[in-house]
1. Tally the residues that are within 21 Å of the chain's Cα centre (by Cα) and in a loop (DSSP other than H, G, I, E, B), restricting the search to segment 215-233.
2. So, in segment 1-39, of the ones that are of a type in the set (Gly, Ala, Ser) and surrounded by fewer than 13 Cβ atoms within 10 Å (Cβ to Cβ), which residue ends up farthest from Ala63 (Cα to Cα)?
3. Residues in segment 294-306 that are surrounded by fewer than 16 Cβ atoms within 10 Å (Cβ to Cβ) and either closer than 29 Å to Arg203 by Cβ or touching an Asp or Glu at 6+ places or on another chain (Cβ under 9 Å) (or both): how many?
4. Give me the residue from segment 210-235 that is out of contact with any Asp or Glu (no Cβ under 7 Å at 6 or more places or on another chain), surrounded by fewer than 18 Cβ atoms within 10 Å (Cβ to Cβ) and closer than 24 Å to Tyr284 by Cα and, out of that set, modelled with the lowest pLDDT.
5. Out of (1) in contact with a Cys (Cβ under 9 Å, 6 or more places away or on another chain); (2) buried (at least 18 other Cβ atoms within 10 Å of the Cβ), the odd one out for Glu177 is which?
6. Regarding segment 202-214, can at least one residue be identified that is in contact (Cβ under 8 Å) with a residue 12 or more places away in the chain, part of a loop (DSSP other than H, G, I, E, B) and either in contact with a helix residue (DSSP H, G or I) (Cβ under 8 Å, 6 or more places away or on another chain) or not assigned by TED's automatic domain parsing to the domain that holds Arg150 (or both)?
7. Test Glu262 against the criterion of being in the same structural domain as Leu304 (by TED's automatic domain parsing), closer than 20 Å to His287 by Cβ and exposed (fewer than 13 other Cβ atoms within 10 Å of the Cβ), and give yes or no.
8. Here is a list: Arg281, Arg319, Arg255. Which entry is under 21 Å from Gly169 (Cβ atoms) and of a type in the set (D, E, K, R)?
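The values are calculated or read from the model by the stated rules, or taken from the named source; none is laboratory data. Given the structure is predicted, the values throughout are model-derived calculations rather than measurements. A quick note on method: Cβ atoms are made from the backbone with ideal geometry, for glycine too, and the neighbour counts reach across all protein chains shown.
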Amino acid sequence: MDRTERLYKIEKLLRQHQTVSFAALQAALEVSRATLKRDLDYLRTRLNAPIEWSRAAGGYRLAAPADPASAAHELPGLWFSATEIHALLTMQHLLTHLDAGGLLTHHVAPLMSRLNALLGGEDTEAAQVRRRVRIIGLAQRAVQPRHFQRVGTALVHRKRLALTYAARGTGEVSQREVSPLRLVHYRDNWYLDAWCHLRRGLRNFAVDAITEARLLDTPAKEVSDAKLDALFGPGYGIFSGKRIRWARLRFSPERARWVASEQWHPQQEGKPQADGSYLLRIPYADHRELIMDILKHGIHCEVLGPASLRQAVAAEVGRMGEKYF
């Protein structure tokens, strides 16, 4: 019986009986006195179990809280092995870098503090996770925490937002009233899918391009997930659109070894060729982001179709040639 099983059993015995003697616990667990003492100490000091010794009753029992209303809520069966704790701590490390705006971190901070306590001090594996794992966010744009928090609050409470938004493409600054629908973390940056009451339609907003955000009392307009997915889900990248085309790309044998194991889109279709090259079909609604990813492969990626995409890539290459050569 490992320690996790023993902890379960101790808790079960204490709940089944008002008081359990040390001898009874030892006999049930079939362990030495020293092991049982360590298990009881672990439950009390690391897991905050309200176990106390009653001299009058001659055994251990679960203490009743002085104020039932302030007692911590218990999650039955929430015991973690060392491996699971390490995985959760790694998740926390990832979240710290992902959630630069602080919307999610404070919700899980109490749990993570407990997990850190379970593994002990700074000389443990938990500290090694923080030291040895590095998250490198490329092209990550800074988001004002106050704006991020207000967007999150509006999402949770289903309220509208009054935004001042500076569009990246045109530089146009506009005032928008939006009903936030969901936050999307994509390529190290945050985006807001929302119903724009100015444009009377679904729009996508880069959170870092929000210069002002004010929470309104007006209830947010609800839009079904199916409708959101129909607009934002089918095409490649973050840009939305109703008309879906299928890009046909051929990668050289050299680059095929990497591309064959990549997921560009959930609905992509890939097929290795006899000469070692790789054919990839992916749906897209807006070619702007797709062109950027095609060009990063240079001569190793050939656009087979559609013709409009070939022309757009050729035009972009031509402009690059005029500028640099």
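1. Taking segment 215-233 as the starting set, the residues that turn out to be within 21 Å of the chain's Cα centre (by Cα) are 225, 228-229, 232-233.
Filter again for in a loop (DSSP other than H, G, I, E, B), leaving 233.
Number of matching residues: 1.
2. Ser32
3. 3
4. Ranking the qualifying residues of segment 210-235, first place goes to Gly233.
5. It fails just one condition, (2).
6. Here is the first cut: in segment 202-214, the residues in contact (Cβ under 8 Å) with a residue 12 or more places away in the chain are 202-214.
Filter once more, keeping what is part of a loop (DSSP other than H, G, I, E, B): none.
No: segment 202-214 contains no residue that is in contact (Cβ under 8 Å) with a residue 12 or more places away in the chain, part of a loop (DSSP other than H, G, I, E, B) and either in contact with a helix residue (DSSP H, G or I) (Cβ under 8 Å, 6 or more places away or on another chain) or not assigned by TED's automatic domain parsing to the domain that holds Arg150 (or both).
7. Answer is yes for this residue.
8. On the way: Arg281 fails: under 21 Å from Gly169 (Cβ atoms); Arg255 fails: under 21 Å from Gly169 (Cβ atoms).
None of the others qualify; the one that does is Arg319.
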